[in-house]
Amino acid sequence: MVNESEIYVKYVPQKYGIKSTIAQLLATISQNSLFVTLGMHISITVVVIKDLLHTSNNDFTISITEASWFGSLMYIIYPIGCFLSGILQEKYGKKLCMIISNIPSIIGWILVYYSHSSALLCVATLLMGFSSGFGAGSTSSYIGEISEPRLRGILGSMGSTAMWIGSLSLYILDSFYSWRTIALLSLAWPIISTWLLVFIPESPVWLLAKGENVKAEKAMCWLRGWTEPKTVELEFIDLVHYNKITESQDRNVHGVQTNGPKSLYEQLAELKDPSVYKPLKLMMIYFFVSYLVSLFPVRPYITYMLADVNLSQHQNVFMIILSTLAIFGCIISSTTVHKAGKRFLTLTTLTINSVALCFLGVYVIAVKKYLINPCPSISLTMLSCIYFFGFCGVSSVPLMLLIEVFPNKNRGFCTGVCTGMSYILLFIMIKSYVPIETFLCLEYTLILYGCIGFVGIVYFYLYLPETENKTLLEIEEFFASH
């Protein structure tokens, strides 16, 4: 009989061929339908605020305070969805949680369509935020568990591309329809997403953890190109070995053998494990820096920022251009990460964005002091650089890292917690942007973001490990030993 530990030592990643790549790509596209939904959820706030803030062309209007709540509430409820998903997916699986996440989205779009007050709009965005959070808590860990090491970075980065495709679709619809009609048309997408998710397999790692070895092997065969069990034998034994190692480590830490899903207290207690809190700290710092240098806190108010940088005309066209550039940036990130590595992409794009932010801030100062004449092409060029290069690296890499830095024993829970905490952070940034921008003015806010980016360059140079082309076990062992 073959010795499993011996195979594990000799095992090298298999080369399955094009059918395996297609199968993993289809599974990724299906689950990334939830990221398309997220992009649509985020962008509908921009469209509604643009149409309802300080305007008399609609049946009701909203104030700047109501707009700030409407633009940010999604991000405060998002963590609750992530947290709940992180708990439930341990028991019910990632696939079921992803499917269920579409239900609040459907209700949210219906409420937006029928809204005649800011209160109903806020209820709708709360449902959308919960939907996106509940789905994201499962999607991040799912990709890390179904993909081969050679494809993990590429597939992991597709979430950013999908999110911007969702945003771009909303901005294109905004060129032709009112915000109510857009909400009605958008209702179709979560229904399509549910249909796509039905056909993908459950995570083999989750099935193994539940003792469903036959189903896990069947899922592995699907994900490696609808092949026979013999073809995936070595990788499947390696996965079984990996599952046994993480179970053994879990018992060593807690001193007991547990049956069934862990309690909430047990899962929270595991956050003290170095293999958990070290990557969690790294990810939170990464999200913080990434959000600022990519201007995420400005997104609900982007049309007003465009006016401040002399781009008040044709704003919808500019939003389509910036969203398209972000998509191209995500594609470049996906296709280059395997060779360039996550460290190189992070440090390079973070440097470019930090310089662009500071330059744009200095330009606005010079215009306000009448040192130079306004030049819209300068503003558009700098914003284009921030959107394009940001998503070539520093804005895409966090999603790639998130699917691989946490240990197998609690990856679903940890990715849910980390994603949830990142959106609490984003809620604080968005809600505080208006008072900060009022106090500092736009130009100094941009310079502040750029300076934080330069600090981030130093931190990531010292502490960001290279995870590309590493197995999940190698990454887990790195954080446990450093």
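Checking the condition aromatic (Phe, Trp, Tyr), open to solvent by less than 20 Å² (accessible area, probe 1.4 Å) and either in the same structural domain as residue 133 (by the TED database) or part of a helix (DSSP H, G or I) (or both), which residue from 388, 413, 359 passes? Explain how you work it out, then say what you get.
Values: 388 fails: open to solvent by less than 20 Å² (accessible area, probe 1.4 Å); 359 fails: open to solvent by less than 20 Å² (accessible area, probe 1.4 Å).
Answer to the selection: 413.
Only one of these is open to solvent by 10 Å² or more (accessible area, probe 1.4 Å), in contact with a helix residue (DSSP H, G or I) (Cβ under 7 Å, 6 or more places away or on another chain) and in contact (Cβ under 8 Å) with a residue 40 or more places away in the chain: 429, 400. Name it.
Working: 400 fails: open to solvent by 10 Å² or more (accessible area, probe 1.4 Å).
Going through 429, 400 in turn, the sole match is 429.
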Quick one: residue 324 ticks every box in (1) open to solvent by 20 Å² or more (accessible area, probe 1.4 Å); (2) within 20 Å of residue 466 (Cβ to Cβ) bar one, so which box is it? (2)
Out of (1) surrounded by 21 or more Cβ atoms within 10 Å (Cβ to Cβ); (2) of a type in the set (Phe, Trp, Tyr); (3) farther than 25 Å from residue 367 by Cβ, the odd one out for residue 301 is which? (3)
Residue count for segment 144-160, restricted to those that are open to solvent by 10 Å² or more (accessible area, probe 1.4 Å) and acidic (Asp, Glu): 1
Tally of residues being assigned to a loop (DSSP other than H, G, I, E, B) and without any contact (Cβ under 8 Å) to a residue 24 or more places away in the chain across segment 29-62: 6
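With the condition kept exactly as written, say whether any residue in segment 369-382 is under 20 Å from the mean Cα position of the chain (by Cα) and farther than 22 Å from residue 151 by Cβ. Write out each step before concluding.
Quick first cut of segment 369-382, residues under 20 Å from the mean Cα position of the chain (by Cα) only: none.
Looking for residues that are under 20 Å from the mean Cα position of the chain (by Cα) and farther than 22 Å from residue 151 by Cβ, one finds none in segment 369-382, hence no.
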Of a type in the set (A, V, I, L, M) and at pLDDT 95 or above: is that true of residue 320 in this structure? no
Would you say residue 121 is open to solvent by 40 Å² or more (accessible area, probe 1.4 Å) and more than 21 Å from residue 204 (Cβ to Cβ)? no
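Condition check ((1) modelled with pLDDT of 95 or more; (2) under 23 Å from residue 395 (Cβ atoms); (3) among the aliphatic types (A, V, I, L, M)) across all residues:
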site: 163; (1), (2), (3): no, yes, yes
site: 169; (1), (2), (3): no, yes, no
site: 175; (1), (2), (3): no, no, no
site: 198; (1), (2), (3): no, no, yes
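Inspect segment 333-344 for any residue being hydrophobic (A, V, I, L, M, F, W, C), at pLDDT 90 or above and more than 17 Å from the chain's Cα centre (by Cα) and give the result as yes or no. Steps first, please.
Start the filter on segment 333-344 by keeping residues that are hydrophobic (A, V, I, L, M, F, W, C), which leaves 337, 340, 344.
If we keep only those that are at pLDDT 90 or above too, we end up with 344.
Narrowing the set further to residues that are more than 17 Å from the chain's Cα centre (by Cα) leaves 344.
Within segment 333-344, one or more residues are hydrophobic (A, V, I, L, M, F, W, C), at pLDDT 90 or above and more than 17 Å from the chain's Cα centre (by Cα).
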Segment 434-450 residues that are assigned by the TED database to the domain that holds residue 292, paired with ones that are surrounded by 15 or more Cβ atoms within 10 Å (Cβ to Cβ) and among the charged types (D, E, K, R) (beta carbon under 7 Å, 6 or more apart): 442/308; 445/437
Criterion: farther than 27 Å from residue 74 by Cβ and at pLDDT below 85 - qualifying residue of 447, 457, 475: 475
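Tell me, please, whether a residue that is without any contact (Cβ under 8 Å) to a residue 24 or more places away in the chain, open to solvent by less than 10 Å² (accessible area, probe 1.4 Å) and aliphatic (A, V, I, L, M) can be found in segment 133-143.
If we filter segment 133-143 for residues that are without any contact (Cβ under 8 Å) to a residue 24 or more places away in the chain, which is where we start, we get none.
There is no residue in segment 133-143 that is without any contact (Cβ under 8 Å) to a residue 24 or more places away in the chain, open to solvent by less than 10 Å² (accessible area, probe 1.4 Å) and aliphatic (A, V, I, L, M).
What about residue 69, is it of a type in the set (Phe, Trp, Tyr), farther than 20 Å from residue 163 by Cα and in a helix (DSSP H, G or I)?
Details: of a type in the set (Phe, Trp, Tyr): yes; farther than 20 Å from residue 163 by Cα: yes; in a helix (DSSP H, G or I): yes.
In short, yes.
Taking the condition out of contact with any Pro (no Cβ under 7 Å at 6 or more places or on another chain) and buried (at least 24 other Cβ atoms within 10 Å of the Cβ), does residue 93 pass?
Working: out of contact with any Pro (no Cβ under 7 Å at 6 or more places or on another chain): yes; buried (at least 24 other Cβ atoms within 10 Å of the Cβ): no.
Criteria not met by residue 93.
Does residue 438 satisfy being surrounded by fewer than 24 Cβ atoms within 10 Å (Cβ to Cβ) and under 26 Å from residue 163 (Cα atoms)? Break it down stepwise before answering.
Details: surrounded by fewer than 24 Cβ atoms within 10 Å (Cβ to Cβ): yes; under 26 Å from residue 163 (Cα atoms): no.
Considered against the rule, which asks whether it is surrounded by fewer than 24 Cβ atoms within 10 Å (Cβ to Cβ) and under 26 Å from residue 163 (Cα atoms), residue 438 comes out as no.
Those residues that are of a type in the set (S, T, N, Q) and over 17 Å from residue 142 (Cα atoms), I need them from segment 63-101; list them, please.
Residues of segment 63-101 of a type in the set (S, T, N, Q): 63, 65, 68, 72, 85, 89, 101.
Within segment 63-101, 63, 65, 68, 72 meet the criteria.
Okay, residues lined up against (1) open to solvent by 40 Å² or more (accessible area, probe 1.4 Å); (2) part of a helix (DSSP H, G or I); (3) farther than 25 Å from residue 125 by Cβ:
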{"site": "162", "(1), (2), (3)": "no, yes, no"}
{"site": "176", "(1), (2), (3)": "yes, no, no"}
{"site": "185", "(1), (2), (3)": "yes, yes, no"}
{"site": "190", "(1), (2), (3)": "no, yes, no"}
{"site": "196", "(1), (2), (3)": "yes, yes, no"}
{"site": "208", "(1), (2), (3)": "no, yes, yes"}
{"site": "214", "(1), (2), (3)": "yes, yes, yes"}
{"site": "221", "(1), (2), (3)": "no, yes, yes"}
{"site": "229", "(1), (2), (3)": "yes, no, yes"}
Starting from residues that are part of a helix (DSSP H, G or I), in contact with a helix residue (DSSP H, G or I) (Cβ under 6 Å, 6 or more places away or on another chain) and at pLDDT 75 or above, keep the ones in segment 139-150 and report whichever is farthest from residue 239 (Cα to Cα). 139
Here the residues within segment 96-118 that are open to solvent by 10 Å² or more (accessible area, probe 1.4 Å) and either in a helix (DSSP H, G or I) or without any contact (Cβ under 8 Å) to a residue 40 or more places away in the chain (or both) are 96, 99, 100, 103, 104, 106, 107, 110, 111, 113, 114, 118
Residue 249: passes all of (1) at pLDDT below 85; (2) in contact with an Asp or Glu (Cβ under 8 Å, 6 or more places away or on another chain); (3) surrounded by 17 or more Cβ atoms within 10 Å (Cβ to Cβ); (4) over 16 Å from residue 91 (Cβ atoms) but (2)
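The values are calculated or read from the model by the stated rules, or taken from the named source; none is laboratory data. Quick caveat, the model's predicted, so the values are computed rather than measured. All Cβ positions, glycine included, derive from the backbone under ideal geometry; neighbour counts span all protein chains shown. All accessible areas refer to the heavy atoms of the entire protein, side chains included, with ligands and DNA or RNA removed. Shrake-Rupley method; radii C 1.70, N 1.55, O 1.52, S 1.80 Å.
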